[in-house]
Amino acid sequence: MTGPDAADDLTPVLHARPVLVLAPHLDDAWLSAAGVLQRATCTVWTVFAGTPSPVQSTPWDAASGFADSDATMRARTDEDTKAFAGTPHEVERLPLLDATYADHAVRAQDRQELGRRLDAWLESHPDGVVVAPVGAGCTCRRRRGRCCASDCAGRGTPRPGPSRRTRPPTHRRHPRSVAPAG
């Protein structure tokens, strides 16, 4: 369900079950899931919140007005801390590296680690709701009625998305265990 009533439709579900919001980057939880964060107490994982060691200086840091990765991540973490100040949410910043700072081998290890963490959370919260931004670069496959972000996070390379001919109609409702972010 989309539109102005979508979040209200989900409110009873969000209050009755544990909610994990997956935010790829430090600003993504509020940008992509504000409607959920305003209606329920959530656990928020900022996935790519790690700081590289040794310090790096990338074109992205420079374009963002920072000297290096330490300055960039310090400023973004401070901003994220302020955004969640005074809220009831439990925020965990995972030590995984953004693609700007990691090569393919590190990214593969980080996907595996995220998959392990997500599997453990789902195992300990069998009725939990995972909220993740739509269009985060991979296609989720359905397993046990859940859209498994761990499919994208951990086990190998994400599968390419469906072609237009095989894409399911957008009017279908998500399973109750999946809450679209927003």
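Remark: the Cα gyration tensor places the range 6-153 in the oblate category, a/c being 1.5 or greater and a/b not exceeding b/c. Between Q38 and E79, the distance separating the two model label sites (each 7 Å from Cα on the Cα→Cβ line) works out to 2.1 nm. The W60 and H89 beta-carbon pair, evaluated with R₀ = 25 Å, returns a calculated FRET efficiency of approximately 0.35. Stretching D9 away from D27 to a fully extended chain increases their span by 4.0 nm, per 0.36 nm per residue minus the current alpha-carbon distance.
Each reported figure results from applying straightforward, stated rules to the coordinates on display, with no laboratory input. Here the structure is a predicted model, which is why all the values come from computation and not from measurement. With ideal geometry, Cβ positions are generated from the backbone for all residues, glycine too; neighbour counts draw on all protein chains shown.
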